[in-house]
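The values are calculated or read from the model by the stated rules, or taken from the named source; none is laboratory data. A quick note: this is a predicted structure, and the numbers were derived from the prediction, not measured. Note that we place each Cβ from the backbone using ideal geometry, even for glycine, and neighbour counts take in every protein chain shown.
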Amino acid sequence: MYSLPPLTPPQDHVLALISAGSTISQAAQSAGVHHNTVHNWIHAPHFRLALDRARESKALFWQEESEKLAAAAVDTIRALMTEASTPAGVRLKAAQFILSLAMAPPPEQPPRVAVLRVASFPRTEGRRQAHLTRRRPAGRRKQIQTATCQSWAGLVR
């Protein structure tokens, strides 16, 4: 199976800063590397995978935190809607907000499609050269990396 190399200490530092919300330039300056280096790392599969995982972890954390507070938020809105001393405009807005949430369909996630194509390179030492590309919304493809693999199964899994 195709294994990815571990991140270097500067890459770990940049990864932590970017996933915490820093810009690429700020993270590069803090790690002591050029911002073009960070852009190159972002296009490397091992760094991209680590960055995606860090962003997913952060999103999951904040989703869990908001779910913990959701019941209190609903209780607050319920109190605003039912309390007679609350102005009618505020009660109306609270009711409209609850109705808009209840009637809204869940948001659709755009699919991420990875396409594997084999280039017409000669075989070298029993290995195949393969290009991993990612489809962009406008149908354009951007080459992410040329990966050397010993079998199809190593990249497809």
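Please go through the stretch 1-48 and give me each residue that is in a helix (DSSP H, G or I), among the small types (Gly, Ala, Ser) and in contact (Cβ under 8 Å) with a residue 40 or more places away in the chain, ordered by number.
Residues of the stretch 1-48 that are in a helix (DSSP H, G or I), as a first pass: 9-19, 24-31, 35-42, 45-48.
If we keep only those that are among the small types (Gly, Ala, Ser) too, we end up with 16, 19, 25, 27-28, 30-31.
Matches in the stretch 1-48: none.
Residues Leu4, Leu17, Leu99: which one is surrounded by 11 or more Cβ atoms within 10 Å (Cβ to Cβ) and modelled with pLDDT under 90?
Numbers: Leu17 fails: modelled with pLDDT under 90; Leu99 fails: surrounded by 11 or more Cβ atoms within 10 Å (Cβ to Cβ).
Exactly one residue qualifies, and that residue is Leu4.
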The number of residues in the stretch 46-68 that are surrounded by 11 or more Cβ atoms within 10 Å (Cβ to Cβ) and not small (Gly, Ala, Ser) is 10
With criteria (1) modelled with pLDDT under 50; (2) assigned to a helix (DSSP H, G or I); (3) not basic (Lys, Arg), Leu132 comes up short on (2)
